[in-house]
Amino acid sequence: MTDHTILRVVSKLLLPYVLLFALYVQFHGDYGPGGGFQAGVIFAAGFVLYGLIFGLTAVRRVAPARMVELVIATGVLVYAGTGVATMLMGGNFLDYGALYAAHPSTGQHYGILVVELGVGMTVAAVMIAVYSTFAGRGRA
């Protein structure tokens, strides 16, 4: 087995910046290009990079299958829960203005932020699950 020291060192240096960029895209998405889907894919790409360099076992240690499943479900619940909350506050499903009736534009901002967070969580976790499933095919 060949030791890939350079790949391991470079990926360890690069990985925090990939994840940080994903957070930037996530929270800057309502002001510019980006949002939950793009951030989720970038975040998952960090895990895929980690898996390609350090192996699938290392990814499964960092992100166990049960935790990934919980993040998928939580992301969907955050998205749907925001819509239900707007309905309970007298608006339509995902009518963000109802979240903060005194200032609908503030409610719009927070609503989009929360919904995009749910989307980002779901997309990242699904992409990690897909990678983990396909990378582990044929292995016990």
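All of the numbers you see were taken from the coordinates with simple rules; none came from a lab. This is a predicted model, so every value here is computed, not measured. Here the Cβ positions follow ideal geometry from the backbone for every residue, glycine too, while neighbour counts run over all protein chains shown.
Annotations
- In the chain, helices alone account for a calculated mean residue ellipticity at 222 nm of -26500 deg cm²/dmol, with every DSSP H run of four or more residues adding -39,500 (n - 2.57).
- Annotation for the range 107-140 versus the range 13-30: alpha-carbon center distance of 15 Å.
- Length gained when the stretch residue 52-residue 31 is fully extended (0.36 nm per residue, less Cα-Cα span): 4.2 nm
- Ordering 31-44, 12-25, 108-121 by mean Cβ neighbour count within 10 Å, with the highest value first, yields 108-121, 31-44, 12-25.
- Which labelled figure in (i) 14.5, 46; (ii) 15.4, 47; (iii) 18.1, 64 is Rg and Dmax of the Cα atoms in Å, once derived from the coordinates: (iii)
- Dipole check for the chain: with +1 at the C-beta of Lys and Arg, -1 at the C-beta of Asp and Glu, and the Cα centre as origin, the magnitude is about 660 Debye.
- Between the listed residues 77, 102, 57, the Cα displaced farthest toward the positive end of the dipole of the range 5-135, a dipole computed from Cβ unit charges relative to the Cα centre, is found at 57.
- Calculated FRET efficiency, residue 73 to residue 5, Cβ-Cβ distance, R0 = 30 Å: about 0.15 to the nearest 0.05.
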